[in-house]
Amino acid sequence: MKRIESKSDYNEFYNKSMEQTDAYWAEVAESFTWIKKWDSVLSGGFENLDMKWFDGGKLNITENCIDRHLKDNADKVAIIWESNDPFEASKTYTYKELHENVCRFANVLKDMNVKKGDRVCFYMSMVPELLFGVLASARIGAIHSVVFGGFSANALAGRINDCKAQILITNDEAPRGNKSIPLKAIADEALESCSQVNTVLMLERTGNSNLVEGRDHVLNDLLSKADINCEAEEMDSESPLFILYTSGSTGQPKGLVHTTGGYMCWASETFKNVFQANDNDVFWCTADIGWITGHSYLSYGPLLNGATQVMFEGIPTWPDAGRFWNIVDKYKVSHFYTAPTAIRALQACDPKFVHDADLSSLKVLGSVGEPINEEAWEWYHKEIGKEKCPIVDTWWQTETGGIMISNLAGVTDAVPCHATKPLPGVEPVLVDGDNNILAETVSEGNLCINRPWPGMARTIYGDHDRYRQTYFSTFKGRYFTGDGAKRNADGNFRITGRVDDIINVSGHRLGTAEVEDAIDEHDKIVEAAVVGYPHDIKGQGIMAYVISTDPKMSDEEVMKELNAIITKHIGPIAKLDRLIVTPELPKTRSGKIMRRILRKIAANEFDTLGDTSTLLNPEVVELLIEKIKS
Ligand code: WTA
């Protein structure tokens, strides 16, 4: 399928995708390698939640990511890997070498008795082997489930057990800045409560680790001995490709299931149209593979398009705040895709870090994960893009598989802080609380998607009913995103943020219930309510209101103890930024915590609290306001 190159292309493609959906997606799918062509393009729908794309089709996504490029581009660089340590040599892999490495890994998995449909859990840092492993798993038809290396043993165990994985792949330690995260030790702790896991493959990265006899194997040794060819398994278009866990409004994370054919088309098309990368460009998505952004715009989208990309193991601020910019300079990165939280953090650093690097290779900048504020947008545009690089503000979710609403770099208009227009195939609507479509162009409401698209998650692993409940029950007949949005006179969407109990901390989704569940583990806390509030760098910070049975403990002491528990249960990303100990929480007469009021107080919006007289205990509101002011 041709790339969208102009505004009129965009209109034409978009209209075709809405009016002749099957014909449009058939044309997209035809540009890939299929072992057998599909019988129908889209079947099923929101009614019965049985959407199928390209049903009857057979393929392997890795043949499309790798083998397809070998004929003409075997020696083109696929991956440039940059270590956490700026003095460690970088590694590059051509498409041919990527093929060899993925095949080696696939053969190791086969030797370990991993079969089609088995779940393979990865708990690794950003090493090339993580990418090889994910693709290897897809190559043999296993389902990968990557758990971000910042999650705790408890969180890891929950995810392993939910998908009943029998194999875990990790590294000894993950170098991050001047620290090393002991991934293997954390994994060992997790595995104490995962009795079904019988195999652990451990990559030696730093050399500090212990092996459990009979269960653990050194991955490096196995890879070096493995054969460099491995035939790709024939998969159904609707075979699950991966599970990725994300927070929901209850304590238990949801394992979103993405399938093969539709996801492939979505990841590939959105990458191509949004970023507009050309043959000699160098793409860099800074996300970890543990998040959906790292799946769709590092593991799959760029490779499906035969692009050259950077993979970075470290963090933006080590050894100093110039690290991102030095990497852009070093590899002549042309397309740079990151999160607003990173932009804001780097904006707050000495400008010399930016000025010392040559950023002239940059052509396109991208933003993802949370609303980008005006100040950060301007700085990104001026200081990083030197006012010559379009910024694509890409709105999407773990559930959507790929970008849904975004401008197309240099093709459609960028509007600061607006994700702008839907991509072909996406029909966004704004609805009010009663599910009425807001037909006026200028409106504000709940953002829903009105029809299936190829990249959408098909279910929640092992819990289709929760899938229905979470996404399709609030507004009947539509997929509810959980986000609020505004539409301006030009039809451009601006995402305003979550309207449910999910908070977005540094671009990472956390359920307030998840944090509350962790807090409940403290024996002196009888009740807790967690809310998000505006935070200069993180976008949202986490604040807890807690009722404690120990009047002698200061708020600081309580917060310290709770953060230790939260770190253990979820991981350091969920730590509280603020805490107030209170004798009571504001409640309705039916006993429900009034979170709306708690959110307002946390945001210092004392004048817009609304009517508090219907509360069971209105006096507590004054008390909380006083406490927060002091
Ligand atoms: C938010 C990340 C505003 C939104 C790809 C969404 C955004 C949640 C944007 C999904 C954006 C993502 N502008 N908000 N450009 N991109 N979000 O699942 O609230 O980690 O629902 O997927 O991030 O987060 P997730």
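Set side by side, the residues Asp22, Asp39, Asp9, Asp50 differ, and just one is charged (D, E, K, R), at negative phi, under 27 Å from the mean Cα position of the chain (by Cα) and modelled with pLDDT of 95 or more, which is Asp50.
Counting only strands (runs of 3 or more DSSP E) that fall entirely inside the range 463-543 and contain at least 3 residues that are of a type outside the set (Phe, Trp, Tyr) and farther than 26 Å from Val392 by Cβ, the qualifying elements are 525-535.
The listed residues are Thr33, Thr62, Thr21, and the only one of them that is surrounded by 22 or more Cβ atoms within 10 Å (Cβ to Cβ), of a type in the set (Ser, Thr, Tyr) and in contact (Cβ under 8 Å) with a residue 12 or more places away in the chain turns out to be Thr62.
Looking only at residues of the range 96-120 that are over 13 Å from Glu233 (Cβ atoms) and touching a Phe, Trp or Tyr at 6+ places or on another chain (Cβ under 6 Å), we find that the one that is surrounded by the most Cβ atoms within 10 Å (Cβ to Cβ) is Phe105. Of all residues in the range 236-254, those that are under 14 Å from the mean Cα position of the chain (by Cα) and surrounded by fewer than 24 Cβ atoms within 10 Å (Cβ to Cβ) total 3.
Is at least one residue of the range 243-250 within 22 Å of Asp463 (Cβ to Cβ), among the β-branched types (Val, Ile, Thr) and within 13 Å of the ligand (Cβ to nearest atom)?
Pass one, the range 243-250, residues within 22 Å of Asp463 (Cβ to Cβ): 243-250.
Going one step further and asking which of them are among the β-branched types (Val, Ile, Thr), we end up with 243, 246, 250.
Within this subset, residues satisfying the condition of being within 13 Å of the ligand (Cβ to nearest atom) are 246.
Yes, there is a match, as at least one residue in the range 243-250 is within 22 Å of Asp463 (Cβ to Cβ), among the β-branched types (Val, Ile, Thr) and within 13 Å of the ligand (Cβ to nearest atom).
Counting the residues of the range 610-630 that are hydrophobic (A, V, I, L, M, F, W, C) and within 23 Å of Asp536 (Cβ to Cβ) gives 3. Of all residues in the range 378-387, exactly one satisfies the criterion of being in contact with a helix residue (DSSP H, G or I) (Cβ under 7 Å, 6 or more places away or on another chain) and within 16 Å of the ligand (Cβ to nearest atom), namely Tyr380.
When Asn436 is tested against (1) over 30 Å from Lys164 (Cα atoms); (2) polar (S, T, N, Q); (3) near the ligand (Cβ under 9 Å from one of its atoms); (4) surrounded by fewer than 21 Cβ atoms within 10 Å (Cβ to Cβ), only condition (3) is not met.
So which residues in the range 272-306 are within 15 Å of the chain's Cα centre (by Cα), outside any loop (DSSP other than H, G, I, E, B) and aromatic (Phe, Trp, Tyr)?
Step one: filter the range 272-306 for residues within 15 Å of the chain's Cα centre (by Cα), giving 285-301.
When the remaining residues are screened for being outside any loop (DSSP other than H, G, I, E, B), the result is 285, 292-301.
If the condition is that a residue be within 15 Å of the chain's Cα centre (by Cα), outside any loop (DSSP other than H, G, I, E, B) and aromatic (Phe, Trp, Tyr), then Tyr297, Tyr300 are the ones that fit.
Could you grab me the full set of residues in the range 354-377 that are outside any loop (DSSP other than H, G, I, E, B), surrounded by fewer than 18 Cβ atoms within 10 Å (Cβ to Cβ) and away from the ligand (no atom under 16 Å from the Cβ)?
Answer for the range 354-377, where residues must be outside any loop (DSSP other than H, G, I, E, B), surrounded by fewer than 18 Cβ atoms within 10 Å (Cβ to Cβ) and away from the ligand (no atom under 16 Å from the Cβ): just His355.
Taking the range 541-572 as the range and being touching a residue at least 60 places away in the same chain (Cβ under 8 Å) and surrounded by 15 or more Cβ atoms within 10 Å (Cβ to Cβ) as the test, the residues that pass are Tyr545, Thr567, Lys568, His569, Ile570, Gly571.
Put simply, of Gly491, Gly482, Gly497 the only residue that is surrounded by fewer than 20 Cβ atoms within 10 Å (Cβ to Cβ) and within 9 Å of the ligand (Cβ to nearest atom) is Gly497.
The values are calculated or read from the model by the stated rules, or taken from the named source; none is laboratory data. Treat the numbers as computed from the prediction; the structure is a model and nothing was measured. All Cβ positions, even for glycine, are placed from backbone atoms using ideal geometry, and neighbour counts span all protein chains on display.
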